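Chemist: The structure follows.
The values are calculated or read from the model by the stated rules, or taken from the named source; none is laboratory data. Predicted model only: the values in this text are computed from it and were never measured. We place every Cβ from the backbone using ideal geometry, glycine too, and count neighbours over all the protein chains shown. In case anyone asks, the SASA skips ligands and DNA or RNA and just uses the protein heavy atoms, side chains included. Shrake-Rupley method; radii C 1.70, N 1.55, O 1.52, S 1.80 Å.
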Amino acid sequence: MNRRQRLMATLNGQPVDRPAVSFYEISGCEDMKDPDPFNIYTDPSWRPLIELARDRSDRIAMCLVPIQGMPPNPMWEGSTHQERMENGSRLVTSTIRAGKRTLTQRTRQDPDVNTVWTVEHYIKDPDDLRALLEIPEAPLGGTADPSQVLSLEAQVGDGGIVMPSIGDPLCSIAWMFDMAELTVAATTERELFGQLMDRAARQMYWVMKTAAKAVPGRLWRIIGPEYASPPYMRPELFREYVTPHVRQMVEYIHESGGYARVHSHGRLRDILDDIVATGCMGLDPIEPPPQGDVELSYVRERYGKQLVLFGNLEIADIENLPTPQFEKKVRRAIAEGTAGEGRGFVLMPSACPYGRKLAPLSLRNYEKMIEIVETL
(Lines give C-alpha, C1' and ligand atoms only; values in the text may rest on other atoms or scores of the structure.)
Protein backbone atom coordinates (compact mmCIF):
# COMPACT_ATOMS: atom_id res chain seq x y z
CA MET A 1 0.00 0.00 0.00
CA ASN A 2 1.60 3.27 -1.06
CA ARG A 3 1.12 6.48 0.88
CA ARG A 4 -1.59 7.88 -1.35
CA GLN A 5 -3.53 4.61 -1.19
CA ARG A 6 -3.19 4.58 2.60
CA LEU A 7 -4.63 8.08 2.95
CA MET A 8 -7.48 7.49 0.52
CA ALA A 9 -8.39 4.23 2.27
CA THR A 10 -8.41 6.11 5.57
CA LEU A 11 -10.76 8.78 4.21
CA ASN A 12 -13.11 6.10 2.91
CA GLY A 13 -13.16 4.10 6.14
CA GLN A 14 -11.35 1.15 4.59
CA PRO A 15 -8.66 -1.08 6.17
CA VAL A 16 -5.06 0.15 6.06
CA ASP A 17 -1.73 -1.58 6.59
CA ARG A 18 -0.78 0.92 9.34
CA PRO A 19 -1.98 4.29 10.61
CA ALA A 20 -1.05 7.21 8.38
CA VAL A 21 1.30 9.84 9.81
CA SER A 22 1.28 13.45 8.60
CA PHE A 23 3.52 16.33 9.70
CA TYR A 24 0.61 18.70 8.96
CA GLU A 25 2.14 21.97 7.74
CA ILE A 26 5.37 20.25 6.69
CA SER A 27 4.67 18.15 3.61
CA GLY A 28 8.04 17.98 1.88
CA CYS A 29 6.96 20.59 -0.68
CA GLU A 30 8.67 23.49 1.11
CA ASP A 31 11.00 25.55 -1.08
CA MET A 32 14.49 25.39 0.40
CA LYS A 33 16.03 27.48 -2.41
CA ASP A 34 13.79 30.55 -2.55
CA PRO A 35 16.12 33.42 -1.50
CA ASP A 36 13.24 35.49 -0.04
CA PRO A 37 14.62 36.74 3.32
CA PHE A 38 11.33 35.69 4.96
CA ASN A 39 11.62 32.07 3.80
CA ILE A 40 12.77 30.27 6.95
CA TYR A 41 13.20 26.97 5.08
CA THR A 42 16.46 28.11 3.50
CA ASP A 43 18.17 27.44 6.82
CA PRO A 44 20.05 24.11 6.62
CA SER A 45 18.49 22.93 9.89
CA TRP A 46 15.18 22.38 8.09
CA ARG A 47 16.49 20.13 5.30
CA PRO A 48 16.44 16.81 7.22
CA LEU A 49 12.83 17.33 8.33
CA ILE A 50 11.60 18.40 4.90
CA GLU A 51 13.30 15.38 3.34
CA LEU A 52 11.84 13.10 6.03
CA ALA A 53 8.36 14.44 5.26
CA ARG A 54 8.92 14.03 1.53
CA ASP A 55 10.31 10.51 1.69
CA ARG A 56 8.53 8.79 4.58
CA SER A 57 5.47 10.68 5.84
CA ASP A 58 1.96 10.28 4.43
CA ARG A 59 2.01 13.65 2.72
CA ILE A 60 -1.00 15.96 2.85
CA ALA A 61 0.10 19.03 0.92
CA MET A 62 -2.05 22.12 1.46
CA CYS A 63 -2.88 24.77 -1.12
CA LEU A 64 -5.57 27.18 -2.31
CA VAL A 65 -8.02 27.11 -5.19
CA PRO A 66 -8.07 30.80 -6.16
CA ILE A 67 -10.92 32.42 -8.06
CA GLN A 68 -9.67 34.25 -11.15
CA GLY A 69 -11.49 37.16 -12.77
CA MET A 70 -13.65 38.11 -9.80
CA PRO A 71 -15.50 41.43 -10.19
CA PRO A 72 -13.95 44.33 -8.26
CA ASN A 73 -14.87 44.36 -4.58
CA PRO A 74 -16.17 47.81 -3.57
CA MET A 75 -14.47 47.39 -0.18
CA TRP A 76 -11.08 47.83 -1.82
CA GLU A 77 -11.97 50.88 -3.91
CA GLY A 78 -9.91 53.77 -2.57
CA SER A 79 -7.95 51.49 -0.26
CA THR A 80 -4.23 52.04 0.33
CA HIS A 81 -1.32 49.71 1.00
CA GLN A 82 2.04 51.03 2.19
CA GLU A 83 5.03 48.83 2.92
CA ARG A 84 8.37 49.63 4.52
CA MET A 85 11.31 47.75 6.04
CA GLU A 86 12.55 48.41 9.57
CA ASN A 87 15.36 46.44 11.22
CA GLY A 88 14.80 43.62 8.77
CA SER A 89 11.05 43.41 9.45
CA ARG A 90 8.34 44.12 6.88
CA LEU A 91 5.80 46.66 8.17
CA VAL A 92 2.59 47.12 6.19
CA THR A 93 -0.12 49.75 6.74
CA SER A 94 -3.41 49.29 4.88
CA THR A 95 -6.56 51.41 4.90
CA ILE A 96 -10.17 51.02 3.77
CA ARG A 97 -12.53 53.93 3.13
CA ALA A 98 -15.88 53.16 4.74
CA GLY A 99 -18.31 56.08 4.53
CA LYS A 100 -16.74 58.93 6.46
CA ARG A 101 -14.37 56.64 8.33
CA THR A 102 -10.92 55.34 7.48
CA LEU A 103 -10.29 51.83 8.79
CA THR A 104 -6.62 51.01 9.34
CA GLN A 105 -4.69 47.77 9.68
CA ARG A 106 -0.98 47.36 10.49
CA THR A 107 1.02 44.15 10.21
CA ARG A 108 4.59 43.08 10.95
CA GLN A 109 6.54 40.17 9.49
CA ASP A 110 9.91 39.23 10.98
CA PRO A 111 12.52 37.35 8.93
CA ASP A 112 13.14 34.61 11.50
CA VAL A 113 9.48 33.83 12.31
CA ASN A 114 7.17 32.22 9.78
CA THR A 115 4.07 34.28 10.52
CA VAL A 116 2.56 37.72 10.00
CA TRP A 117 1.53 39.57 13.16
CA THR A 118 -1.43 41.95 13.00
CA VAL A 119 -0.62 44.77 15.42
CA GLU A 120 -3.66 46.91 14.56
CA HIS A 121 -6.96 45.62 13.18
CA TYR A 122 -9.41 47.33 10.83
CA ILE A 123 -12.47 47.10 13.07
CA LYS A 124 -12.01 48.53 16.54
CA ASP A 125 -15.57 49.33 17.69
CA PRO A 126 -19.26 48.99 16.64
CA ASP A 127 -19.10 52.23 14.65
CA ASP A 128 -16.35 50.75 12.47
CA LEU A 129 -18.56 47.70 11.94
CA ARG A 130 -21.52 49.89 10.93
CA ALA A 131 -19.30 51.83 8.53
CA LEU A 132 -18.05 48.63 6.93
CA LEU A 133 -21.65 47.53 6.33
CA GLU A 134 -22.29 50.76 4.41
CA ILE A 135 -19.92 49.59 1.67
CA PRO A 136 -21.84 47.89 -1.15
CA GLU A 137 -21.69 44.10 -1.11
CA ALA A 138 -19.09 42.44 -3.32
CA PRO A 139 -20.54 40.97 -6.55
CA LEU A 140 -20.02 37.29 -7.35
CA GLY A 141 -18.25 35.93 -10.41
CA GLY A 142 -15.04 34.47 -11.77
CA THR A 143 -13.57 31.05 -12.48
CA ALA A 144 -11.82 28.64 -10.12
CA ASP A 145 -8.18 27.97 -10.99
CA PRO A 146 -7.15 24.35 -10.26
CA SER A 147 -3.51 24.81 -11.29
CA GLN A 148 -2.08 24.84 -7.75
CA VAL A 149 -3.82 21.56 -6.91
CA LEU A 150 -2.74 19.86 -10.12
CA SER A 151 0.85 21.07 -9.86
CA LEU A 152 1.19 19.87 -6.27
CA GLU A 153 -0.39 16.52 -7.10
CA ALA A 154 2.22 16.01 -9.80
CA GLN A 155 4.93 16.84 -7.25
CA VAL A 156 3.54 14.61 -4.48
CA GLY A 157 2.70 11.66 -6.74
CA ASP A 158 2.04 8.41 -4.86
CA GLY A 159 3.56 9.94 -1.73
CA GLY A 160 0.27 11.38 -0.55
CA ILE A 161 -2.58 13.70 -1.44
CA VAL A 162 -3.26 17.40 -1.88
CA MET A 163 -5.70 19.15 0.45
CA PRO A 164 -7.18 22.52 -0.61
CA SER A 165 -7.88 24.79 2.34
CA ILE A 166 -10.64 27.39 2.67
CA GLY A 167 -12.02 29.63 5.41
CA ASP A 168 -15.62 29.52 6.55
CA PRO A 169 -17.69 32.75 6.59
CA LEU A 170 -16.61 33.54 10.16
CA CYS A 171 -12.94 33.15 9.22
CA SER A 172 -13.40 35.45 6.23
CA ILE A 173 -14.31 38.36 8.53
CA ALA A 174 -12.64 37.52 11.87
CA TRP A 175 -9.21 38.63 10.65
CA MET A 176 -10.47 42.21 10.56
CA PHE A 177 -11.01 42.23 14.37
CA ASP A 178 -8.78 41.98 17.39
CA MET A 179 -9.86 38.76 19.14
CA ALA A 180 -11.29 40.67 22.10
CA GLU A 181 -13.30 43.01 19.86
CA LEU A 182 -14.49 40.06 17.76
CA THR A 183 -15.84 38.35 20.85
CA VAL A 184 -17.57 41.52 22.08
CA ALA A 185 -19.10 42.32 18.69
CA ALA A 186 -20.34 38.77 18.12
CA THR A 187 -21.90 38.69 21.59
CA THR A 188 -23.31 42.20 22.10
CA GLU A 189 -23.88 43.37 18.49
CA ARG A 190 -25.51 40.23 17.15
CA GLU A 191 -27.72 42.03 14.63
CA LEU A 192 -24.82 43.97 13.11
CA PHE A 193 -22.47 41.01 13.29
CA GLY A 194 -25.13 38.78 11.77
CA GLN A 195 -25.45 41.14 8.78
CA LEU A 196 -21.71 40.91 8.20
CA MET A 197 -21.89 37.12 8.54
CA ASP A 198 -24.70 36.95 5.98
CA ARG A 199 -22.60 38.88 3.48
CA ALA A 200 -19.63 36.65 4.11
CA ALA A 201 -21.76 33.52 3.77
CA ARG A 202 -23.10 34.51 0.35
CA GLN A 203 -19.55 35.07 -0.85
CA MET A 204 -18.06 31.91 0.67
CA TYR A 205 -20.89 29.65 -0.48
CA TRP A 206 -20.32 30.75 -4.05
CA VAL A 207 -16.54 30.36 -3.77
CA MET A 208 -16.85 26.94 -2.14
CA LYS A 209 -19.30 25.59 -4.71
CA THR A 210 -17.22 26.92 -7.60
CA ALA A 211 -13.90 25.66 -6.23
CA ALA A 212 -15.21 22.22 -5.26
CA LYS A 213 -16.52 21.66 -8.79
CA ALA A 214 -13.12 22.62 -10.23
CA VAL A 215 -11.21 20.02 -8.15
CA PRO A 216 -13.70 17.23 -7.38
CA GLY A 217 -12.90 14.28 -5.15
CA ARG A 218 -10.30 15.99 -2.93
CA LEU A 219 -9.97 16.31 0.82
CA TRP A 220 -10.76 19.88 1.89
CA ARG A 221 -9.82 21.62 5.15
CA ILE A 222 -12.32 24.21 6.44
CA ILE A 223 -10.77 26.68 8.88
CA GLY A 224 -12.39 29.27 11.14
CA PRO A 225 -14.75 27.48 13.56
CA GLU A 226 -12.33 27.91 16.47
CA TYR A 227 -13.06 31.66 16.51
CA ALA A 228 -16.47 30.81 17.96
CA SER A 229 -15.34 28.01 20.27
CA PRO A 230 -15.30 28.23 24.08
CA PRO A 231 -14.07 30.18 25.93
CA TYR A 232 -14.28 32.92 23.29
CA MET A 233 -17.98 32.43 22.56
CA ARG A 234 -20.83 30.44 24.04
CA PRO A 235 -21.90 27.21 22.29
CA GLU A 236 -25.15 28.87 21.19
CA LEU A 237 -23.09 31.36 19.16
CA PHE A 238 -21.10 28.52 17.61
CA ARG A 239 -24.42 27.06 16.49
CA GLU A 240 -25.39 30.44 15.04
CA TYR A 241 -22.16 31.55 13.39
CA VAL A 242 -20.53 28.25 12.43
CA THR A 243 -22.68 25.14 12.17
CA PRO A 244 -25.21 26.16 9.47
CA HIS A 245 -22.58 27.84 7.32
CA VAL A 246 -20.05 25.02 7.50
CA ARG A 247 -22.86 22.53 6.86
CA GLN A 248 -23.59 24.25 3.54
CA MET A 249 -19.90 24.25 2.59
CA VAL A 250 -19.63 20.56 3.48
CA GLU A 251 -22.61 19.81 1.22
CA TYR A 252 -20.86 21.46 -1.74
CA ILE A 253 -17.71 19.43 -1.07
CA HIS A 254 -19.64 16.19 -0.80
CA GLU A 255 -21.64 16.97 -3.95
CA SER A 256 -18.30 17.09 -5.81
CA GLY A 257 -17.28 13.70 -4.44
CA GLY A 258 -14.86 15.27 -1.98
CA TYR A 259 -14.18 14.95 1.73
CA ALA A 260 -14.66 17.77 4.26
CA ARG A 261 -12.39 18.13 7.29
CA VAL A 262 -13.05 20.77 9.96
CA HIS A 263 -10.10 22.45 11.66
CA SER A 264 -10.64 23.75 15.19
CA HIS A 265 -8.05 24.26 17.91
CA GLY A 266 -8.70 24.37 21.64
CA ARG A 267 -11.80 23.30 23.54
CA LEU A 268 -14.19 20.94 21.77
CA ARG A 269 -16.32 19.17 24.38
CA ASP A 270 -19.25 21.61 24.31
CA ILE A 271 -19.30 21.96 20.50
CA LEU A 272 -18.52 18.45 19.25
CA ASP A 273 -22.19 17.71 18.54
CA ASP A 274 -22.38 20.96 16.57
CA ILE A 275 -19.27 20.10 14.55
CA VAL A 276 -20.65 16.65 13.77
CA ALA A 277 -23.94 18.27 12.74
CA THR A 278 -22.12 19.95 9.83
CA GLY A 279 -21.82 16.51 8.21
CA CYS A 280 -18.03 16.74 7.95
CA MET A 281 -16.04 13.51 7.77
CA GLY A 282 -12.82 14.67 9.42
CA LEU A 283 -11.68 16.72 12.41
CA ASP A 284 -8.30 18.16 13.40
CA PRO A 285 -6.21 18.65 15.50
CA ILE A 286 -8.16 17.39 18.60
CA GLU A 287 -5.72 18.92 21.06
CA PRO A 288 -5.32 17.02 24.34
CA PRO A 289 -5.64 18.71 27.75
CA PRO A 290 -4.52 21.24 28.85
CA GLN A 291 -4.63 22.91 25.42
CA GLY A 292 -7.94 21.17 24.69
CA ASP A 293 -10.59 19.68 26.96
CA VAL A 294 -11.23 16.18 25.54
CA GLU A 295 -9.09 13.09 25.19
CA LEU A 296 -8.75 11.47 21.80
CA SER A 297 -10.39 8.32 23.21
CA TYR A 298 -13.52 10.34 24.06
CA VAL A 299 -13.88 11.62 20.49
CA ARG A 300 -13.13 8.22 18.95
CA GLU A 301 -15.70 6.43 21.10
CA ARG A 302 -18.53 8.89 20.47
CA TYR A 303 -17.87 10.21 16.97
CA GLY A 304 -15.32 7.91 15.37
CA LYS A 305 -17.78 6.16 13.06
CA GLN A 306 -18.43 9.44 11.20
CA LEU A 307 -15.12 11.24 11.64
CA VAL A 308 -11.60 10.49 10.52
CA LEU A 309 -9.57 11.82 13.45
CA PHE A 310 -6.42 13.82 12.68
CA GLY A 311 -4.21 14.44 15.72
CA ASN A 312 -3.50 14.73 18.53
CA LEU A 313 0.12 15.58 19.25
CA GLU A 314 0.90 19.03 20.61
CA ILE A 315 3.56 21.01 18.80
CA ALA A 316 4.84 22.14 22.21
CA ASP A 317 5.61 18.50 23.03
CA ILE A 318 7.50 18.03 19.76
CA GLU A 319 9.63 21.05 20.59
CA ASN A 320 10.15 20.47 24.33
CA LEU A 321 9.66 16.86 25.46
CA PRO A 322 12.66 14.52 25.68
CA THR A 323 12.19 11.85 23.04
CA PRO A 324 11.46 8.95 25.47
CA GLN A 325 8.60 10.98 26.97
CA PHE A 326 7.39 12.09 23.55
CA GLU A 327 7.34 8.47 22.40
CA LYS A 328 4.80 7.70 25.13
CA LYS A 329 2.57 10.48 23.81
CA VAL A 330 2.82 9.09 20.28
CA ARG A 331 1.97 5.55 21.33
CA ARG A 332 -0.97 6.77 23.40
CA ALA A 333 -2.34 8.82 20.49
CA ILE A 334 -2.12 5.81 18.17
CA ALA A 335 -3.78 3.53 20.72
CA GLU A 336 -6.65 5.95 21.38
CA GLY A 337 -7.04 6.96 17.74
CA THR A 338 -7.41 3.38 16.53
CA ALA A 339 -9.27 1.80 19.46
CA GLY A 340 -12.56 0.02 18.75
CA GLU A 341 -14.60 0.83 15.68
CA GLY A 342 -14.00 3.98 13.71
CA ARG A 343 -13.68 5.46 10.27
CA GLY A 344 -9.96 6.16 10.44
CA PHE A 345 -7.06 7.91 12.14
CA VAL A 346 -4.07 9.97 11.00
CA LEU A 347 -1.30 10.65 13.52
CA MET A 348 -0.60 14.37 13.25
CA PRO A 349 0.69 17.34 15.30
CA SER A 350 -1.39 20.43 15.98
CA ALA A 351 1.00 22.75 14.10
CA CYS A 352 4.70 22.97 13.21
CA PRO A 353 7.71 24.94 14.44
CA TYR A 354 7.85 28.42 12.92
CA GLY A 355 11.34 29.65 13.78
CA ARG A 356 14.20 29.85 11.29
CA LYS A 357 16.32 27.35 13.24
CA LEU A 358 14.83 23.89 13.73
CA ALA A 359 16.05 22.44 17.01
CA PRO A 360 17.70 18.98 16.98
CA LEU A 361 15.18 17.78 19.58
CA SER A 362 12.26 18.67 17.31
CA LEU A 363 13.82 16.75 14.43
CA ARG A 364 14.42 13.72 16.63
CA ASN A 365 10.81 13.72 17.80
CA TYR A 366 9.52 13.90 14.22
CA GLU A 367 11.79 10.97 13.39
CA LYS A 368 10.34 9.05 16.32
CA MET A 369 6.81 9.48 14.93
CA ILE A 370 7.89 7.82 11.69
CA GLU A 371 9.87 5.06 13.44
CA ILE A 372 6.87 4.09 15.56
CA VAL A 373 4.27 3.88 12.79
CA GLU A 374 6.64 2.02 10.48
CA THR A 375 7.09 -0.74 13.05
CA LEU A 376 3.38 -1.29 13.76
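Chemist: Take the alpha-carbon centre of the range 231-294, take the same for the range 343-364, and report the distance between them in whole Å.
Modeler: Cα centroid of the range 231-294 versus Cα centroid of the range 343-364: 23 Å apart.
Chemist: Enter the accessible area of Glu86 (Å², nearest 10), with the probe set to 1.4 Å and all protein chains included.
Modeler: Accessible area of Glu86: about 80 Å².
Chemist: Here is a follow-up. Summing +1 for each Lys or Arg and -1 for each Asp or Glu, what net charge is found among the other residues whose Cβ lies under 12 Å from the Cβ of Arg90? Walk me through the numbers before you get to the answer.
Modeler: Values: positive: Arg84, Arg106, Arg108; negative: Asp36, Glu83, Glu86, Asp110.
Residues near Arg90 contribute -1 overall.
Chemist: What's the center-to-center distance, using Cα atoms, between the range 53-80 and the range 186-218 in Å?
Modeler: Taking the Cα centre of each part, the range 53-80 and the range 186-218 sit 16 Å apart.
Chemist: Let me ask something else about it. Calculate how many DSSP beta bridges within the chain are antiparallel, expressed in % of all such bridges and rounded to the nearest 5.
Modeler: On the way: 23 of 50 bridges.
Restricted to the chain, the bridges split so that about 45 percent are antiparallel.
Chemist: Now, a different point. Would you mind checking the tilt of helix 47-56 against the longest principal axis of the Cα atoms of the chain, expressed as 0 to 90 degrees and rounded to 10?
Modeler: Computed tilt is about 70 degrees.
Chemist: With a 1.4 Å probe and every protein chain left in place, work out the accessible area per residue of the chain in Å², rounded to a whole number. Before the final figure, lay out the partial values.
Modeler: Details: 16330 Å² over 376 residues.
Accessible area per residue: 43 Å².
Chemist: Using only Cα atoms and rounding to the nearest 10 degrees, what angle (0 to 90) does helix 243-255 make with the longest principal axis of the chain?
Modeler: For helix 243-255, the angle is close to 60 degrees.
Chemist: Once the Cα atoms of helix 323-338 and of the chain are each reduced to a long axis, what angle between those two axes, in degrees from 0 to 90 to the nearest 10, is obtained?
Modeler: 80
Chemist: Moving on to the next point. May I have the convex hull volume per residue, in Å³, for the Cα set of the range 75-194?
Modeler: Details: hull volume 20.1 nm³, N = 120.
Enclosed volume per residue, from the Cα hull, is 168 Å³.
Chemist: A further question follows. Between exposed trypsin sites (Lys or Arg not before Pro) in the chain, where DSSP calls loop and at most 10 other Cβ atoms lie within 10 Å, what's the longest gap?
Modeler: Values: sites that count: Lys33, Lys100.
By the stated rule (loop sites, at most 10 other Cβ atoms within 10 Å), 101-376.
Chemist: Same structure, new question: Using a 1.4 Å probe over the heavy atoms of the protein chains, calculate the carbon and sulfur portion of the accessible area of the chain as a whole percent.
Modeler: 50
Chemist: Report, in deg cm²/dmol and to the nearest 500, the calculated mean residue ellipticity at 222 nm for the chain, where each DSSP H run with n ≥ 4 adds -39500 (n - 2.57) and the sum is divided by the residue count. Please list the in-between numbers first.
Modeler: On the way: 14 runs with 149 residues, N = 376.
When only DSSP H runs of four or more count, the value is -12000 deg cm²/dmol.
Chemist: Remind me, relative contact order of the chain in percent, using alpha carbon pairs under 8 angstrom and six or more residues apart?
Modeler: 18
Chemist: From the protein chains alone at 1.4 Å, what is the descending order of accessible area for Met62, Met208, largest first?
Modeler: Values: Met62 60, Met208 0 Å².
The ranking, largest first, comes out as Met62, Met208.
Chemist: Let me ask you something else. When the dipole is taken about the Cα centre of the chain, and only Lys, Arg (+1) and Asp, Glu (-1) are charged at their Cβ, what size is it in debye, to the nearest 20? Working shown, then result.
Modeler: Values: 43 positive and 52 negative charges, 111 e Å.
For the chain, the charge dipole is close to 540 debye.
Chemist: Between beta-carbons, use under 12 Å as the cut-off and find the net charge around Ile166, counting Lys and Arg +1, Asp and Glu -1.
Modeler: Values: positive: Lys209, Arg218, Arg221, Arg261; negative: Asp168.
Summing Lys/Arg as +1 and Asp/Glu as -1 gives +3.
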